[in-house]
Amino acid sequence: MIKGILTVGGWTMASRVLGLVRDRLLATYMGVGPAQDAFQVAVRLPNMFRRLFGEGAFNAAFVPLFSSLLAREGHDTARRFAREAMAVLGFWLLGITVLGEIFMPQLMYVIGSGLARHPATFTLAVELARITFPYLMLICLAALVSGVLNGLDRFGMASAAYVAFNLVGIACIVWLTPHVPSVAYAAAWGFMLSGVVQLAILLFGSKRAGMGMGLPRPRLTPDMRELMRRMVPGLVGSGISQLNLTVDTLIATWLPPGSLSLMYFADRLNQLPLGVLGNAAGTTMLPVLTREVQTGQVEAAHQTQNRAIEYGLILTLPAAAALAALAVPLMAALFESGAFTAHDAVLSAQSLCGYALGLPFFVLVKVLSPAFFARGDTSTPVRIGISTLVINLALNLALMRPLAHVGPPLASSIAAILNTALLGALLLRRGWLRPDRALLWRLARMLLAALAMAAILRGAQAMLPTPVIFMRGGHRLLVLAALIGLGLASYAAGLQVLGIGVLDLVRRQVRRRLPTRRAGPI
């Protein structure tokens, strides 16, 4: 599992870093304003359906079934099941895509009604959304093939494919912009074309793994009925989660112009540790936990769950503390350029602090949810999701006026805290989660070390003769790099002092990777 987390996390890190390059280009060319808001709303629709049908309910139902068939009935049965699932999913997604293209103005009123106050921005959002919407069909099919590869424990190819998203996006922004009306159109075409490239890479990977994905006629076989039976409650649960995001977007369109863009750039930094650590831990844990549950390895399943929580939080806690402590320097260094001003960086940093509060809990949701999915329970998250949806909506409405662009991020974080608490409580009650002494001992010390690191970073910034945001060019980057290095060193030292032997672990890993020398004659 650790190897899988490192593989998925490494490729996800590469993708997120390239994503920062892409976002830097978007900030430089479009800044914070109507065009950026229109583009961000346009990509929310396909992203919402992708998470709903691809990474959400479908993936949660498909991977355990695929892994179980592979373990019980062998390679051929699992491949037949995967092909049937791809045919059924493709049929439904094609219908959704056609309907979305036809009724895009009406969909835009649902997700971004506040843009209707500005007709030109609303029209642009509709045009961009019609370009990006086919991405949902491509990326959902890609998510299915990725689930097949994950079920085979081939995490590398599945994770590497998502690097293509940002590579294609960067290429289109740089080279396509002169040939289309604006950079927003170039970014939209890059978004859609990346889905084509990702699906092609994953299909090639599945063929090499001996799981060539044909496309038979869609049929409701007994296995498909079982898949749909498990998926329907998850669709409701994932739909509630996506409604949370839709509520955030809808509220943001009613805030001053540019608020949605400010939140987007803040969330991009928040997504870096969330994707690298949370997604990696959840993705690699699900097939492992499913096999252990199916084969009756109860103690092994508890160990897997505990260690996944530990691995997910050992870097997420300091990441959240560092994002809050270095919010302004990070936003200024990464995005202040061209149309993105220093004032925009300060405002976006405020949104980042709201997201950072909930970062560890977003990761915990991704680590705790597989405990339900591995046991075939996709209905419990529905009830939990309804509670968090109501809380999120109420908090958004309460905070949007006094806190503006900070309100939706803070509401999302509080909803994630509630989600985590309910998931954990139910797992404990059912006996599916048994935190051992090692986990509790390490979590307490990791939290203490992360808080100490944040205090050190705040103190270091206060001692600078000039705030980082007023620095320019290479000087700013050097100071930011020094602050990040200070944070890493102080956190590692804190863990070491508190009894978590990080240095010993690193030393052992280095020794394992160094070639062994044989003693020869003197």
Exercise for review: With a 1.4 Å probe and every protein chain left in place, tell me how much accessible area VAL197 has, in Å² to the nearest 10.
Suggested key: 50
Review point. So, in nm, how far is label ARG229 from label SER379 when the simple model puts each one 7 Å beyond its Cα toward the Cβ?
Key: 1.2
Point to revise | Equivalent ellipsoid semi-axes, the stretch 382-486, via Cα gyration tensor eigenvalues times 5, rooted, Å | key: 36, 25, 10
Check your understanding: If you take the square roots of the eigenvalues of the alpha-carbon gyration tensor of the stretch 76-130 and sort them as a ≥ b ≥ c, do you get rounded (a/c under 1.5), prolate (a/b over b/c) or oblate?
Key -> prolate
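Quickly rank 477-490, 338-351 as a protection proxy: mean count of other C-beta atoms within 10 Å, highest first. Please list the in-between numbers first.
On the way: 477-490: 15.3, 338-351: 20.4.
Final packing ranking: 338-351, 477-490.
Find how much the distance from LEU478 to MET463 grows on full extension, using 0.36 nm per residue of separation minus their present alpha carbon separation; answer in nm with one decimal.
3.8 nm
How large is the charge dipole for the stretch 29-135, taken about the Cα centre, if only the Cβ atoms of Lys, Arg (+1) and Asp, Glu (-1) carry charge, to the nearest 20 debye?
Working: 9 positive and 7 negative charges, 21 e Å.
Once rounded to the nearest 20, the dipole reads 100 debye.
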Practice item. Counting residues in the stretch 124-233 as N, plug N into 2.2 N^0.38 Å and put the Cα Rg over that result. Key: 1.27
Check your understanding: Length gain on complete extension for the stretch LEU488 to LEU397, per 0.36 nm per residue less the alpha carbon to alpha carbon distance?
Key -> 29.0 nm
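Where does each of HIS405, HIS179 land when they are ordered by accessible area, with a 1.4 Å probe and the largest first? Kindly include the intermediate steps, with their values, before the conclusion.
Details: HIS405 20, HIS179 145 Å².
Listed by decreasing accessible area, they come as HIS179, HIS405.
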Check your understanding: What residues qualify as long-range amide H neighbours of PHE340, i.e. H under 5 Å apart, gap of 5 or more or another chain, H built at 1.01 Å from N?
Key -> GLY31
Exercise for review: Order ILE102, ILE96, ILE384, ILE391, most accessible first, counting only protein heavy atoms with a 1.4 angstrom probe.
Suggested key: ILE102, ILE391, ILE96, ILE384
Revision key, fill the gap. With a 1.4 angstrom probe the carbon and sulfur portion of accessible area for the stretch 111-234, in percent, totals 67
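The values are calculated or read from the model by the stated rules, or taken from the named source; none is laboratory data. This is a predicted model, so every value here is computed, not measured. FYI the Cβ positions are ideal-geometry reconstructions off the backbone, even for glycines, and counts take in every protein chain you see. Note: areas computed on protein heavy atoms with side chains; ligands, DNA, RNA excluded. Shrake-Rupley method; radii C 1.70, N 1.55, O 1.52, S 1.80 Å.
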